[in-house]
Each structure stands twice: as C-alpha cells, then as structure tokens.
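Take a look at the structure below.
What follows draws every value from the coordinates through simple rules; no lab data is involved. Bear in mind that the values here come from a model prediction, so they are computed numbers and not experimental data.
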Amino acid sequence: MNFLETQTSEDYFQQKRFRMDMTKYVYQSVFARDMVVKMNYGSSFDIVQLKKVTVHYTSKYMLAEPKNILLPSVALQLVTGQTPHVTRASQSVAAFKLKKSQVLGCAVTLRKEMMNRFMTQCVHVLLPRIKDFSSLPVSSLQPSVHFGIEQMLFFPTLEKHVDIFEPLEGCSVHVQTSAKTPAEMLLLCSGLKLPTSIEDKHIA
C-alpha cells in the first residue's frame, strides 16, 4: 500500500468489524437511562453529554518553517476523517520570538458522528497503548478532559507507515462536555469507559 492508499480511520475499523458507533450506542442505551435514575433529571434534555472533541498538533518546527504543517495535517485528516484547519498566533510575543498570525500548528474540531468515532478509537485503541497510563484528571473548574497522545504512530491508520509519519510528535485531545458539576463529568467519563480521577481533593 502506498501513501495515497493509506487507510482512513473509518476503513480500519470497518475492516476490523469494529463498532464505529460504540460510543453513541453506550451513551443512548446504557448511560442516558442510568443518569436519569442517579441524577434525578427532570428531562432527558438535561442529561450530560459530549459536545465536541478538539485534536490539536503543534511543533516548534512549524515556527521555523511553515510548510512543515503539511505532514501533520495529512496525519490528522487520516485519523479523524476531517480536514484540519491551521492555527495561528493571535498576537506577537517577543520573549518567544513569536509574530502575530504565525503558524503554530493544525487542529480538528469533531462533533456528532465524527466525534463518537474518534472517542471510540481513543478509549479502545489509543489510551491502552500509552505507557504507564492510569487515568485522566477531572477538575472542578471546567467540564472537560484533556490528554496527550505521545506519538502519532499510536493511531492504527498511521502505524503501518512509519517511514512517512515517524518524524511527527504527539498531539493533544480536548474533550468538551455539557457537565455542570464534577460529579456529572465523572459519571459521563465512567459511562463511556474513559478512565478519570479527581484532580481537586475537595470534590465530593
């Protein structure tokens, strides 16, 4: 298989007969019903849910040479199935020799089906590959979870093309939810099999 024939994340899971909608299935069939009972919601619209997932890649090499954004952009598109956008500096920072509008990296914001597919991949493939991984911290300050993927080659769609994607570093993943309390956040992550732990000791 050459570079142009590289599998997308969807191709990979279809060939493995992996449930692409597993996150959505678990949420609708198990988690939502369980939350109505545990949290005493007045309506199904009050149930906490995933809002969006942002995957971001940045590297110091892009600051020196903007064209270096091409390879990580291709990688993000292959693993998410969505075309990334370029992220730029919002202002100049003299201390870092950073100029306004300078290329910092690339990012993808996933919602709905694309988000569910990516989260399924994270929970069942990527996180188990992270060495010494235990859990993700949950803070009382914001209803979100973020973590890093140490190497882009952890993604099944890229690992067979080491010669192409080996130069790439890791990426960061930010999971935004509608949770209003840390308790809701913990329950949502637990229901989706996303391992988390309490970051602030005063959270009950």
Expected output is a single nm value to one decimal: the length gained when fully extending between residue 33 and residue 193, i.e. 0.36 nm times separation in residues minus the C-alpha distance. What is it? 56.0 nm
Translational diffusion coefficient (Stokes-Einstein; Kirkwood radius from C-alpha pairs) of segment 66-129 at 37 °C, 0.692 mPa s, in µm²/s: 243 µm²/s
Step through the table entries 38/180; 112/180; 38/193; 131/180; 60/193; 52/180, compare each Cα-Cα distance with 22 Å, and write down the pairs that go over it. 131/180; 60/193
